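Have a look at the structure below, then the notes.
The values are calculated or read from the model by the stated rules, or taken from the named source; none is laboratory data. Predicted model, so just to flag it, every value in this text is computed and none were measured. A quick note on method: Cβ atoms are made from the backbone with ideal geometry, for glycine too, and the neighbour counts reach across all protein chains shown.
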Amino acid sequence: MAVVKLQRPKLNFGEKIYFGALIKGFFLTMTHAVKTLRGKSVGADELASSGLGVTMQFPEQRWDEHLPEYYRGAPALVTDEQGRERCVSCQLCEFICPPKAIKIVPSEIPSDDPWAKVEKRPLEFEIDMIRCIYCGMCEEVCPEQAIYLRKDYLITGLKRADMVHDKKKLYEIGGTRVGLVNKWNELK
Amino acid sequence: MSDTPSATAELKLPKDQATEKGLVNVQIDGVWHQFPKGTRMIEACRQAQVIVPHYCYHPKLSSPGNCRMCLVQMGMPPRPTPGQEPQRDENGYEIIGWIPRPVIACANTIGENMGIRTTGELVEKCREGVMEFLLINHPLDCPICDQAGECRLQEQSVQHGRGVSRFVDMKVKKPKNVEIGPRIRLDDERCIMCSRCIRFMDEVAGDPVLGFTQRGAHTTLTVHPDRLLDSNYSLNTADICPVGALTSNDFRFQMRVWFLKETPSIDVNCGTGTNITIWTRENKIHRITPRLNDEVNSAWMPDSHRLNFHYIDGEARLTEPLVKSGSRHLPETWAQALASAAAEIKAIPAAQTAIIASGRMTNEELFLTRALAAEIGTSQLALVPRLAEADALLIAADRNPNTTGAKLVLGVEEPYWKLNSIRDGVRNGSIKSLIVLGDDLITDADFTAEDLGKLDFLLQTSVLANPTAEQAHIVLPSAAFAEKRGSMVNLAGRLQRLNRAVEPQGQAHDDWEILRDLILALSGGKNEVYHIEDVFKALAENVSAFNGLTLSKIGHQGAQIADTGYQIPLLANERARKAAGLING
Amino acid sequence: MPELIFQIAIIVAKIVILTFMVVLPLVPVSVYFERRFSAVIQDRVGPNRVGIPLTLFGFKKDFHFFGLIQPIADGLKLFLKEDFTPAHVRKAFYWMAPALTVVPALITVCVVPFGSPISIFGHTEKLVIADLDIGPLFVFSVASLSVYGITLAGWSSNSKFPFIGGVRSTAQMISYEIALGLSIIPVIMYYGDLNLSTIVQQQADHGWLLLPLWGHDADHTFTSKLLFWFPAAIAFLIFTISIFAETNRMPFDLPECETELVGGYHTEYSSMKFAMFFMGEYAAMVIGSALIITLFLGGWSIGFGLDAMVANLHIGDFYFGGLIHLGCFMTKLIGFILFFILVRWTVPRFRYDQLMKLGWVVFFEAALINVFLAALIVAAPQLKGTIIGIGAVLLVIVTAAVIWVAKVSEETPKVLRA
């Protein structure tokens, strides 16, 4: 580490007595205040402001239509077009999850199941949404493309238990995802 | 160089000292080393800290050389024409002429002035090619494969593979999910035909039931018709399988290996004291695998011992102190249970009190048992013998893991002989109070419930609920082998260490703490022992065989402290095969 | 006897009305203003939701009214929180400290004149709780007690960061008290009185100290007032800034600092005890503003010579001019509180050494010189021209010397400069 010696700027008398900058500051903050009150803040239009500042008034106003394609909401499990649960409980998401929100209990698929050849699926799959930080690492790491971050952002509950999404809830949020992995089809 | 008399100059060179010691000079990746004659090239590389990637080679098995992964470039000095002096460099080594085609390192032995290159374009291209061939028919189902995370194919594909498949045709279909034995599942598509399992069953387990059928890309591993892979050593094949072709039914789909914490410890199911690794996650044991120790168990262990850990968090586990009131046992606090135990023991004369300890206790616990006997003032102290049939490999007839330790710590030649007199004493009423540490008298020591019913006081410490505990007035829950730290001496006189892999279940206490607290409750003294290390220190000061040792000095490979003359049969086999040059490790 | 009971009733009524119904409600209101004002400065909305949930009772819409109920909700929340006392604190002082910050701030209210006297049924009552003749001295003596609250909080918490916060604030408040006291001496000299009611009355009659535009007569010539405007302005500046430092407001809020001290002197406090520190800070801000207004900005006076007319407004026997003056006073007060807030959200905080330098090197000297300058101006009419001249020259020399010393002290010694 190189040592960098900083040269403090030389201030002239006007700058030294500080009042000029102070009054300039008052003007700046007051300009913002007035603009806010008039609903003319910078970026108010793009952000669909409610008319005061740049803020959108939730929940009357929703930003659903403003959500970008890449928005990272609640993580969820998906099934493929044949209704097979894509997750094979490899537990890579459990491993990568930075806040350790995911808990998986793996199990073997019984031999009478149509997808018995896949051999493995999760018996329990729980994501603790209190812990989840919506980082999307689970989606990125999934080798089966079974877990996706959906656009759901209103994850609420009255109890801690409500905030733990179990397998059923995760498939409910996730729905079906078509295409991508064809590894387990007869074509393989 | 030509000026100096070459004979005297060469004698001083390091290379020439090798011959005197029976070693040969080998150059590995440009550096000269000396190895004993007859060493395999791959083993020489390993000793020189250069790992040659391999699948089929295993130091404890013969080398058929069928995976071709360990290809290296070899070189020897060119043979001089008659009358010509070989060319030498300034250190006296002959100039190596490199052979343009690779050789396998696992099946070739080293020779004088040999050169080995484990890197370079030729070697790396070869490895890449071998990897590509191996992966052609491999299903790539790593997400569901239990081997993922400890799979050689995965690791070496990352290190030496090309990353992208050029194979466009259909993969060969083979049987999947085949039950070839009661404890082993086979997935033939994942198999890379290294034949390690076949060789293990043939050479070590002595039960050659596995073999290949078909040819070429359709080669299939299978079990002999009408036979199953039901040897008591079958799970070792899953350990040595470099891919996920053979997996353990017990561990199948339980947990990914990268979550598991490894704790080195020893097996307590027989006197051999097999070295093991306990794999745990969040206070739960998921599997046990053998740990390499050339003085005890080589690299193997019997299935029966390996799978004997499910009781630790099973239904029968005792998790809180119990005190009998009427015909039922009620939960009690530790302090209360120990206090009432001490009061009961004091109420009965020492001459009518006996202690039955267990050969499954650690040296430290036995030492404290001795102290307990001294505190009570009784000389009636015996262990329960547990004998069963030995196999010709690792399982010893003596199923107590610490008989030798008990002999040393208690200072007696035969720690079991007083058991009969205690049993008679209980039957004829001369013994009124009995302290049973860890063993089940009714199942293992020919006591009957009726005998135990005659006692005024019966205290038992136990891991699991059992018929003796049913009769006991106070039952104290103790720790299982994976929950404690301590030391044991195996039948061959090797002092080995147990390590705590998981915390005791519920309110169960470590045995040595129970004994300490019981002694303190009896004597009313103040506790001065907080660590198992302190107990071992006291043991080392009092028992000559342990002099100068501490728990940490024992190390993971153990320390030989006594010579009992006992031979572990598997080691004898292995040494014979090594002497015959069949194996290298 | 009935006379005495009547007197006591009047005093109690004044305390209840002026302290608990005028000043104390200003605390939550200024918190609300703080949040809304800072929000608009930062292009946000601020608390605008908490209201009366009429929809619960079947109405169509909730009654929000700009979220004015927010302070009540905040207070309720703090009140209902668990009051946690850590095991390692010194209990007596730990409990005393929050009270010691709030109580002095509220006691000082009693000398502040809120309006001109109200007269009803021939009985005249001044709108001040205690019309003391030592007003400013009382204020300083009581207000300086509040330093104990913060210091004790920091010390009794028995925890390192609160302790550092407490030490910081002790040094800061004691330093600025000197500048605070010295800066108003010119004002007191000018009025020749320590009674705040009299001071305000004089301003109402002869023009505010900083706005001397009306009520000129022989004793109060426009020239003399204009001449005194300069020391008055300097005093105002020093006094206002010192009040900022005394109340631990931005840019001098060094006793609290999340990044350096976790919280500050109140790290170990929770629930209502924390709320009392919070209240103490805002109460001090309210009282500080009241004091500035009273001394420099005419107190309750409307100004421009209207005060006498307003004071005479009456319906029958009820002279209600005092209430209008009270309204005027409150307006000024809220205006000044808004100024406090604007400063907080505009000016970045000072470094601690800058704060100390400002207090000891700049304000202390400036206030001291200002005293002599004011004395010269006040005494000028009675003195001969030559003496005034000598005085002025002396003052200039002393001022120059002080500035030179300050400048020299700033330079690092040559050896250390490297």
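Miscellaneous remarks
- Taking the numbered list (1) closer than 30 Å to B:Met255 by Cβ; (2) not in a helix (DSSP H, G or I); (3) not acidic (Asp, Glu) in turn, A:Pro9 passes all entries but (1).
- Scanning the range A:135-156 for residues that are within 14 Å of another protein chain (Cβ to nearest Cβ) and either without any contact (Cβ under 8 Å) to a residue 24 or more places away in the chain or within 10 Å of the chain's Cα centre (by Cα) (or both) yields a count of 0.
- Scanning the range B:127-134 turns up no residue that is on the phi < 0 side of the Ramachandran plot and assigned to a loop (DSSP other than H, G, I, E, B).
- If the condition is being facing chain B (nearest Cβ under 10 Å) and either in a strand (DSSP E or B) or more than 17 Å from B:Gly244 (Cα to Cα) (or both), then the range A:107-121 contributes A:Ser107, A:Glu108, A:Ile109, A:Ser111, A:Ala116, A:Lys120, A:Arg121.
- A:Ser41 vs. criteria free of Cβ contacts under 8 Å to residues at least 60 places away in the same chain, away from chain B (no Cβ under 14 Å) and of a type in the set (Ser, Thr, Tyr): yes
- Of the criteria (1) surrounded by fewer than 14 Cβ atoms within 10 Å (Cβ to Cβ); (2) hydrophobic (A, V, I, L, M, F, W, C); (3) closer than 30 Å to A:Glu60 by Cβ, which one C:Val16 fails: (3)
- Inter-residue pairs, beta-carbon under 6 Å, first in contact (Cβ under 8 Å) with a residue 60 or more places away in the chain and charged (D, E, K, R) and in the range B:234-251, second part of a loop (DSSP other than H, G, I, E, B) and surrounded by fewer than 21 Cβ atoms within 10 Å (Cβ to Cβ), 6+ apart: B:Asp250/B:Leu307
- Enumeration of residues in the range B:416-450 that are farther than 25 Å from B:Asp398 by Cβ and of a type in the set (A, V, I, L, M): B:Ile431, B:Ala449
- Of the residues making up the range B:168-186, those that are part of a loop (DSSP other than H, G, I, E, B), more than 26 Å from the chain's Cα centre (by Cα) and surrounded by 13 or more Cβ atoms within 10 Å (Cβ to Cβ) are B:Lys171, B:Val172, B:Lys174, B:Pro175, B:Lys176, B:Asn177.
- Candidate set: the range C:43-102, residues that are in a helix (DSSP H, G or I) and within 14 Å of chain A (Cβ to nearest Cβ); chosen: the one nearest to C:Leu145 (Cα to Cα): C:Gly67
- C:Val262 meets each of the listed conditions (1) within 30 Å of C:Gly154 (Cα to Cα); (2) modelled with pLDDT of 80 or more; (3) aliphatic (A, V, I, L, M); (4) surrounded by fewer than 17 Cβ atoms within 10 Å (Cβ to Cβ) apart from (2).
- Unmet criterion (only one of (1) at pLDDT below 90; (2) within 13 Å of chain A (Cβ to nearest Cβ); (3) within 15 Å of B:Tyr55 (Cα to Cα)) for B:Gln147: (1)
- Listed by position, the helices (runs of 4 or more DSSP H) contained in the range C:147-233 that have at least 3 residues being in contact with a strand residue (DSSP E or B) (Cβ under 8 Å, 6 or more places away or on another chain) are C:160-183.
- The set of residues in the range B:541-576 being surrounded by 11 or more Cβ atoms within 10 Å (Cβ to Cβ), out of contact with any Ser or Thr (no Cβ under 7 Å at 6 or more places or on another chain) and closer than 18 Å to B:Leu498 by Cα consists of B:Phe546, B:Leu549, B:Thr550, B:Lys553, B:Gly555, B:His556, B:Gln557, B:Gly558, B:Ala559, B:Gln560, B:Ile561.
- From the list C:Gly322, C:Gly305, the one residue that fits, being closer than 30 Å to C:His206 by Cα, part of a loop (DSSP other than H, G, I, E, B) and either away from every other protein chain (no Cβ under 14 Å) or modelled with pLDDT under 85 (or both), is C:Gly305.
- Flag if B:Asp207 is at pLDDT below 95, part of a loop (DSSP other than H, G, I, E, B), under 23 Å from B:Leu570 (Cβ atoms) and within 14 Å of chain A (Cβ to nearest Cβ): no
- Total residues in the range A:118-160, condition in contact with a Leu (Cβ under 9 Å, 6 or more places away or on another chain), closer than 19 Å to A:Glu172 by Cβ and surrounded by fewer than 20 Cβ atoms within 10 Å (Cβ to Cβ): 6
- Among the residues of the range B:254-273, those identified as over 18 Å from B:Phe309 (Cβ atoms) and within 11 Å of chain A (Cβ to nearest Cβ) are B:Arg256, B:Trp258.
- Flag if C:Gly181 is modelled with pLDDT of 85 or more and either crowded, with 23+ Cβ neighbours inside 10 Å or not small (Gly, Ala, Ser) (or both): no
- Residues of the range B:439-475 that turn out to be hydrophobic (A, V, I, L, M, F, W, C), under 21 Å from B:Ala350 (Cα atoms) and not in a helix (DSSP H, G or I), as a count: 7
- Enumeration of residues in the range A:75-88 that are assigned to a loop (DSSP other than H, G, I, E, B) and either in contact with a Phe, Trp or Tyr (Cβ under 7 Å, 6 or more places away or on another chain) or surrounded by fewer than 17 Cβ atoms within 10 Å (Cβ to Cβ) (or both): A:Val78, A:Glu81, A:Gln82, A:Gly83, A:Arg84, A:Cys87
- In the condition set (1) of a type outside the set (Ser, Thr, Tyr); (2) buried (at least 17 other Cβ atoms within 10 Å of the Cβ); (3) in the same structural domain as C:Phe320 (by TED's automatic domain parsing), C:Gly75 is compliant with all but (3).
- Unmet requirement for A:Gly174, which otherwise passes all of (1) within 14 Å of chain B (Cβ to nearest Cβ); (2) touching a Phe, Trp or Tyr at 6+ places or on another chain (Cβ under 7 Å); (3) buried (at least 19 other Cβ atoms within 10 Å of the Cβ): (1)
- Residue check, A:Thr36 surrounded by 14 or more Cβ atoms within 10 Å (Cβ to Cβ), among the hydroxyl-bearing types (Ser, Thr, Tyr), away from chain B (no Cβ under 14 Å) and more than 30 Å from C:Pro251 (Cα to Cα): no
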